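Asker: First the structure, then my questions, so here it is.
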Amino acid sequence: MGKKVLILAGDAVEALEVYYPYFRCLEAGYDVTIAAPSVKKLQTVVHDFIEGVDTYIERPGYGIQAHEAFENIKPEEYDGLIIPGGRAPEYIRLNEHLPGIVKHFFDAGKPIAAVCHAAQILSTIPEVLQGRELTAYIACKPEVKAAGGTYVDQHLHVDRNLVSGHAWPDLPGLMSEFITLIEKNVSNAELQPQH
């Protein structure tokens, strides 16, 4: 039976951060579900930097179909979780079903890839960040620290089953590490911190 991967998204998800993992997982032969607050075509956004502007700018991106609503997701059916960034995390983190979905992957020790603003979702479940190191878009550093995590100033970081990336340029490394974890079928026992 093939591996099943869940991607959490919503409108204003960063285009590269949802499309790259989605296509990469399909290429690897995985069964991929994009879940969102509702089943619909999502509007992605493109975040980029231009000279003279102190922060990123946003442009409309491609549409991408969400296959399932959060409320219908049974996380135990999936082998791995991917959380893209963009602006989607700031509002999908308010969905009542999302914390339970995300927490399952931490509790079960299943591979998780979180990039850019995905840390905004993780920060709403502080117990999953306790004793964890991760990177994220620099603007999310205060949220990571406030939730009890340790922010690592790197483009890519692996802490047990959590692979984190700073932003979309880090997707090749992020997905390489994530797929390595999926293929190893790492058990929760192997992921416990060493004392």
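Here, each number is a calculation from the coordinates, and none is a lab measurement. Quick caveat: nothing in here was measured; it's all calculated off a predicted structure. Neighbour counts are summed over all protein chains in view; Cβ atoms, including those assigned to glycine, are modelled from backbone coordinates with ideal geometry.
Asker: For the range 56-71, how many residues meet the condition of being free of Cβ contacts under 8 Å to residues at least 24 places away in the same chain and out of contact with any Asp or Glu (no Cβ under 8 Å at 6 or more places or on another chain)?
Answerer: Going residue by residue through the range 56-71, those that are free of Cβ contacts under 8 Å to residues at least 24 places away in the same chain are 56-57, 59-60, 63.
From what's left, out of contact with any Asp or Glu (no Cβ under 8 Å at 6 or more places or on another chain): 60, 63.
Residues meeting the conditions: 2.
Asker: When Glu71 is evaluated against the numbered criteria (1) touching a His at 6+ places or on another chain (Cβ under 6 Å); (2) assigned to a strand (DSSP E or B), which criterion, by number, is the only one it fails?
Answerer: The failed condition is (2).
Asker: For the structure I just gave you, tell me whether Gln120 is closer than 24 Å to Tyr20 by Cβ and free of Cβ contacts under 8 Å to residues at least 60 places away in the same chain.
Answerer: Criteria met by Gln120.
Asker: Let me ask you something else. Considering only residues that are under 22 Å from Leu26 (Cα atoms) and either without any contact (Cβ under 8 Å) to a residue 24 or more places away in the chain or of a type in the set (D, E, K, R) (or both), which ones fall in the range 73-98?
Answerer: Once the filter is applied, which keeps residues that are under 22 Å from Leu26 (Cα atoms) and either without any contact (Cβ under 8 Å) to a residue 24 or more places away in the chain or of a type in the set (D, E, K, R) (or both), the range 73-98 yields Lys74, Glu76, Glu77, Asp79.
Asker: Let me ask something additional. Somewhere in the range 12-29, is a residue closer than 24 Å to Glu96 by Cα, part of a helix (DSSP H, G or I) and not aromatic (Phe, Trp, Tyr)? Working first, answer last.
Answerer: Within the range 12-29, the subset closer than 24 Å to Glu96 by Cα is 12-14, 17-18.
Now drop any that are not part of a helix (DSSP H, G or I), which leaves 17-18.
Checking the rest, the ones that are also not aromatic (Phe, Trp, Tyr) come to 17-18.
Among the residues of the range 12-29, at least one is closer than 24 Å to Glu96 by Cα, part of a helix (DSSP H, G or I) and not aromatic (Phe, Trp, Tyr), which makes the answer yes.
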